[in-house]
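**Q** My questions all concern the structure below.
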Amino acid sequence: MADRNRIEIPLPDDWHLHLRDGDVLPVTVNHAASRCRRAIIMPNLKPPVRTVEEAAAYRDRILQVCQWDHFEPLMTLYLTDNTSPEEILKAKDSDFVHAVKLYPAGATTNSDHGLTSVQNAREVFAAMEQCDFPLLVHAESTEPNLDVFDRERAFVETDFAWICENFKRLRIVFEHVSSRAGVDFVNSNASRMAATVTPHHLLLTRNDLLVGGLKPHHYCLPVVKTEDDRRALIQASLDKENFFAGTDSAPHPRSKKESHNCAAGIYTAPFFPELYAMAFEPHFPDPSQDPAPLQDFLRLFMSVRGERFYRMPLNEKGSPDQILEIRKEEWTLTASYEFAGDELVPLYAGKTIPYKAEIVKAN
Ligand code: NCD
Ligand code: ZN
């Protein structure tokens, strides 16, 4: 008889991940690889990953420190005002660069080299549309006077509308969608647009950030929003084939988080499947009674939908002899990880959560 306290899925994927570089790379890479098979790797290093050559070198550094055979980093390029259409063609021809990331200049961590105007990338967008290369978008307006909770909605109404209007066949991922306005925009462009949804935007609202004392480890960009926004994300993830998992796990040292100038980013890579199970559990029959519905959903949300959008073969490198087991079992998360001489504090540090996942041999 099946063990009812247990869900089994093929090794999942993370369709939006920050690993950083240098001394901390062994920590971040092995945390991610302990839970997932493939990950879309964000290019916002200092300096950013702008060329196919730089992406190849970064990929090598990631693989060098990785202790797991199954892990496959899927690289991206950082779009600047100077990115050339030729670089897009090179990326398309490579078998390891899978998308280009648009950061509006100044919108978030390490975005100084981002686009100062989306119109500066007109020729690059045309080349991407022509060769069917996906654009990943950090969708927040940088208008200085704009309320921080309205930045996603404002970007949708201005720059994002312009991109969609002018490049009708360009395939786009709306990254870390965080608001009902964002969800509505994805739905109205559903034939060629997908969205990643983070565990923290599914689990937290701005009350978790601001009530009872400011919580720096709940601060990220786009900032977590209202309960109505959170519900829109849950519902879209449950109902729509083009919403899938992207953790936006973004490590910063404790000294930069617990600071008068708190860095934006929440760290979830070491236990992200557990967090998604927690977020969606209330919307399924109790998995201890019937694990199948939650199990089927998590497989679609964490692997299949992203794989379809990126047009990757199902289970490309998935060794069928390995699976992720997610058990309904309480465990206490570590208070912090060693992080190149500093500390890395994950989401829910020191707290007990109800699921525990592990890569195991399939039998
Ligand atoms: C990310 C980071 O730290 O690199 N921070 C964040 O709050 N999400 C950048 C990003 O994805 O916006
Ligand atoms: Zn990110």
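**Q** Is there any pair with a first residue in the range 252-280 that is farther than 19 Å from LEU25 by Cβ and aliphatic (A, V, I, L, M) and a second that is modelled with pLDDT under 95 and within 10 Å of ligand 1 (Cβ to nearest atom) whose Cβ atoms are under 8 Å apart and which are 6 or more apart or on different chains, and what are they?
**A** If the second residue must be modelled with pLDDT under 95 and within 10 Å of ligand 1 (Cβ to nearest atom), the pairs left are ALA264/THR108; ALA264/THR109.
**Q** Further question on the same structure: Using the structure shown, decide if ALA194 is in contact with an Asp or Glu (Cβ under 7 Å, 6 or more places away or on another chain), surrounded by 21 or more Cβ atoms within 10 Å (Cβ to Cβ) and either basic (Lys, Arg) or in contact (Cβ under 8 Å) with a residue 24 or more places away in the chain (or both).
**A** The answer is no for ALA194.
**Q** Restricting to the range 225-274, and then to whatever is within 21 Å of LEU324 (Cβ to Cβ) and among the hydrophobic types (A, V, I, L, M, F, W, C), can you tell me which residue is nearest to ligand 1 (Cβ to nearest atom)?
**A** ALA269
**Q** Conditions first: (1) away from ligand 2 (no atom under 13 Å from the Cβ); (2) buried (at least 23 other Cβ atoms within 10 Å of the Cβ); (3) closer than 25 Å to LYS361 by Cβ. VAL49 passes all but one, so which condition is the exception?
**A** Checking VAL49 against (1) away from ligand 2 (no atom under 13 Å from the Cβ); (2) buried (at least 23 other Cβ atoms within 10 Å of the Cβ); (3) closer than 25 Å to LYS361 by Cβ, the one that fails is (3).
**Q** Now for a separate question. Of everything in the range 173-195 that's within 16 Å of ligand 1 (Cβ to nearest atom) and among the hydrophobic types (A, V, I, L, M, F, W, C), which residue is nearest to PRO134 (Cα to Cα)?
**A** Ranking the qualifying residues of the range 173-195, first place goes to VAL173.
**Q** Then there is this: For residues that are crowded, with 21+ Cβ neighbours inside 10 Å and more than 23 Å from VAL197 (Cα to Cα), tally how many sit in the range 128-174.
**A** The total comes to 1.
**Q** Condition (residue is within 16 Å of ligand 2 (Cβ to nearest atom), under 28 Å from MET302 (Cα atoms), part of a loop (DSSP other than H, G, I, E, B) and in contact with a strand residue (DSSP E or B) (Cβ under 6 Å, 6 or more places away or on another chain)) applied to the range 70-83: is it met by at least one residue?
**A** Yes: one or more hits.
**Q** Can you pull out every residue in the range 52-74 that is touching a residue at least 24 places away in the same chain (Cβ under 8 Å) and aliphatic (A, V, I, L, M)?
**A** Across the range 52-74, the qualifying residues are VAL52, ALA55, ALA56, ILE62, VAL65, LEU74.
**Q** Here's a follow-up. Given the condition more than 16 Å from ligand 2 (Cβ to nearest atom), among the hydroxyl-bearing types (Ser, Thr, Tyr) and either closer than 22 Å to ILE40 by Cβ or at pLDDT 95 or above (or both), answer yes or no: does some residue in the range 206-224 qualify?
**A** Checked the range 206-224: no residue is more than 16 Å from ligand 2 (Cβ to nearest atom), among the hydroxyl-bearing types (Ser, Thr, Tyr) and either closer than 22 Å to ILE40 by Cβ or at pLDDT 95 or above (or both).
**Q** Continuing with this model, one more query. From (1) surrounded by fewer than 20 Cβ atoms within 10 Å (Cβ to Cβ); (2) under 22 Å from LEU17 (Cα atoms), pick out the condition that doesn't hold for ALA236.
**A** Failed condition: (1).
**Q** Please enumerate the residues belonging to the range 49-68 that are over 15 Å from HIS98 (Cα atoms) and in contact with a strand residue (DSSP E or B) (Cβ under 9 Å, 6 or more places away or on another chain).
**A** Matches in the range 49-68: ILE62, LEU63, CYS66, TRP68.
**Q** Report whether or not PHE96 is out of contact with any Cys (no Cβ under 7 Å at 6 or more places or on another chain) and surrounded by fewer than 21 Cβ atoms within 10 Å (Cβ to Cβ).
**A** yes
**Q** While we're here: Here is a check on your reading of the model: is PRO216 within 17 Å of the chain's Cα centre (by Cα) and either within 14 Å of ligand 1 (Cβ to nearest atom) or surrounded by fewer than 14 Cβ atoms within 10 Å (Cβ to Cβ) (or both)?
**A** Here the answer is no, as PRO216 does not meet what is asked.
**Q** In the set TYR103, TYR78, which member is within 16 Å of ligand 1 (Cβ to nearest atom) and without any contact (Cβ under 8 Å) to a residue 40 or more places away in the chain?
**A** TYR78
**Q** Of everything in the range 337-350, what is in a loop (DSSP other than H, G, I, E, B) and either crowded, with 16+ Cβ neighbours inside 10 Å or out of contact with any Gly (no Cβ under 9 Å at 6 or more places or on another chain) (or both)? Give them in sequence order.
**A** GLY341, VAL345, PRO346, LEU347, TYR348, ALA349, GLY350
The values are calculated or read from the model by the stated rules, or taken from the named source; none is laboratory data. Everything numeric in this text was worked out from a predicted model, so none of it was measured. Ideal geometry is used to build each Cβ from the backbone, glycine not excepted, and the neighbour counts take in all protein chains shown.
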